[in-house]
1. What strands (runs of 3 or more DSSP E), lying completely within region 1-75, carry at least 1 residues that are surrounded by fewer than 16 Cβ atoms within 10 Å (Cβ to Cβ)?
2. Could you look through region 284-296, keep only residues that are in contact (Cβ under 8 Å) with a residue 60 or more places away in the chain and assigned to a loop (DSSP other than H, G, I, E, B), and pick out the one that is nearest to ligand 1 (Cβ to nearest atom)?
3. Exactly one condition in (1) in contact with a Gly (Cβ under 7 Å, 6 or more places away or on another chain); (2) open to solvent by 10 Å² or more (accessible area, probe 1.4 Å) is not met by residue 88; state its number.
4. Identify all residues within region 326-339 that are open to solvent by less than 10 Å² (accessible area, probe 1.4 Å) and either touching a residue at least 60 places away in the same chain (Cβ under 8 Å) or of a type in the set (Asp, Glu) (or both); write none if there are none.
5. Check off (1) modelled with pLDDT of 95 or more; (2) over 27 Å from the mean Cα position of the chain (by Cα) for residue 363 and give me the number that stays unchecked.
6. Considering only residues that are among the β-branched types (Val, Ile, Thr) and open to solvent by less than 70 Å² (accessible area, probe 1.4 Å), look in region 222-263 and name the one that is farthest from residue 198 (Cα to Cα).
7. Looking at (1) in contact with a Phe, Trp or Tyr (Cβ under 8 Å, 6 or more places away or on another chain); (2) open to solvent by less than 30 Å² (accessible area, probe 1.4 Å); (3) assigned to a helix (DSSP H, G or I), which one does residue 353 not meet, given that it meets all the others?
8. Counting just the residues of region 77-94 that are part of a strand (DSSP E or B), under 24 Å from the mean Cα position of the chain (by Cα) and of a type outside the set (A, V, I, L, M), which one comes out farthest from residue 373 (Cα to Cα)?
Amino acid sequence: MRVQVAIIGAGPSGLLLGALLHQSGIDTIVIEQRSPDYVLSRIRAGVLEQGTVNLMDRIGLGKRMHAEGLVHGGFNLGYRNTRHRIDINKLTGGKNVMVYGQTEVTHDLMDARAAAGAKTVYEAENVQLHDFDGASPRVTYTKDGVQHEVQCDFIAGCDGYHGASRAAVPAGSIRQHERVYPFGWLGVLSDTPPVAHELIYSNHERGFALCSMRSKTRSRYYIQCSLDDKVERWSDQAFWDELRLRLDPEAAESMVTGPSIEKSIAPLRSFVAEPMRFGKLFLAGDAAHIVPPTGAKGLNLAASDVHYLSHGLIEYYQDKSPAGINAYSDRSLRRVWKAVRFSWWFTSLMHRFPPHEHDRGEIGQKIQEAEIDYLLGSTAASTALAENYVGLPLEV
Ligand code: APR
Ligand code: PHB
């Protein structure tokens, strides 16, 4: 088989890239190692920047998002038992975010790709990349015991942090930067009404907590936990009791609890691989970078990578110009590093660090408290937070 672009991974990066390229008549195949149900079962964040909303609209997938998504003009910081609202709409001159789960984004993208009849292979095994730094890039995989080969012009490595694409790059050709945080997030999904109509990020002496949602009837909650904690140690009741202790009295009092429909622990890391291009191979999304979920940037960075990469590939095929693909890595990394900085900053501001492991050093806890006090009293500081939260501008 031959295609113009072989896309590895059917997460948001791969499916969004496939949709944008298909819309411009570029022939693609998406090769995914898991089943569609497995991909959809992964619970991820759900705050979309305006740029991500625009991409979904551009590919004609805005209908359900605008019907079911929740437009938020602000969020709350919980600190010293008080809730402080950050009015992102006012501070950014009218910008908002859209609360719409990544599972829903992925579902919409999967349905659209199937409806368009675009080539997608699920449950592909032993996916391997070949000759992407040469003249004949290709991808091989096994499906139902049969070996397949896909010849292509380009390979898009959209296969996440643990994927085969970045791993296929020779060690001497890639620089990797990483910070692993000394805590994790224990998350619970429940069919209960959200405790507030906007998100609450809580800095508490017992640890960070986040109150989010998927809809007006489905909530998503997180509490900071230690890296050696285990999900099995946390009954639903223990989770709800601990969460209440980390929230302001009004939230603690009004919270509606119920059985967890998903419960998991995720580690937090900052990671960037440079560059994001190796000959005919382009990395996008989690394959190239990971951010701690505090700033809800993971999905939005995947979308901005795909915005730049699709722009470059369309320019290559339609205008016969390599300028966009040649600029891809630098353009994406400029935005990636700003989001990595913001996600690190927000994480180090809102979490409790073990003594002597604070990101801000030995006196980090005192500096953290001073920074929150300053932030809550400064329009300039709150505006900087709001600008980053809604998403920095996409270079055209
Ligand atoms: N071959 C084929 N597919 C693979 C391989 C492989 N060797 N390795 C991984 N995959 C698939 C995974 O099963 C997954 O479906 O690639 C996909 C990668 O999807 P994500 O990990 O979701 O990464 P991405 O599409 O970049 O989306 C980033 O997802 O994980 C969240 O927080 C992250 O919100 C961010 C978003
Ligand atoms: C979520 O709803 O899962 C979520 C929201 C905001 C974040 C992180 C996670 O910053």
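The values are calculated or read from the model by the stated rules, or taken from the named source; none is laboratory data. Here the structure is a predicted model, which means the values were calculated and not measured. Reconstructed Cβ throughout: ideal geometry from the backbone, glycine too, with neighbour counts over all protein chains shown. With ligands, DNA and RNA removed, areas are computed over all heavy atoms of the protein, side chains included. Shrake-Rupley method; radii C 1.70, N 1.55, O 1.52, S 1.80 Å.
1. Working: elements: 2-8, 28-31, 70-72.
Once the strands (runs of 3 or more DSSP E) in region 1-75 are filtered for at least 1 residues that are surrounded by fewer than 16 Cβ atoms within 10 Å (Cβ to Cβ), what remains is 2-8, 70-72.
2. Going residue by residue through region 284-296, those that are in contact (Cβ under 8 Å) with a residue 60 or more places away in the chain are 284-288, 290, 292-296.
From what's left, assigned to a loop (DSSP other than H, G, I, E, B): 284, 288, 292, 296.
Numbers: 284: 7, 288: 8, 292: 10, 296: 8 Å.
Ranking the qualifying residues of region 284-296, first place goes to 284.
3. Result: residue 88 passes all but (2).
4. Across region 326-339, the qualifying residue is only 336.
5. (1)
6. First, the residues of region 222-263 that are among the β-branched types (Val, Ile, Thr): 223, 231, 256-257, 261.
Narrowing further to those that are open to solvent by less than 70 Å² (accessible area, probe 1.4 Å): 223, 231, 256-257.
On the way: 223: 17, 231: 27, 256: 15, 257: 17 Å.
Among those that are among the β-branched types (Val, Ile, Thr) and open to solvent by less than 70 Å² (accessible area, probe 1.4 Å), it is 231.
7. Checking residue 353 against (1) in contact with a Phe, Trp or Tyr (Cβ under 8 Å, 6 or more places away or on another chain); (2) open to solvent by less than 30 Å² (accessible area, probe 1.4 Å); (3) assigned to a helix (DSSP H, G or I), the one that fails is (3).
8. First, the residues of region 77-94 that are part of a strand (DSSP E or B): 77-79, 82-86.
Imposing the further condition that a residue be under 24 Å from the mean Cα position of the chain (by Cα) reduces the set to 77-78, 85-86.
Narrowing further to those that are of a type outside the set (A, V, I, L, M): 78, 85.
On the way: 78: 12, 85: 14 Å.
Taking the candidates together, the pick is 85.
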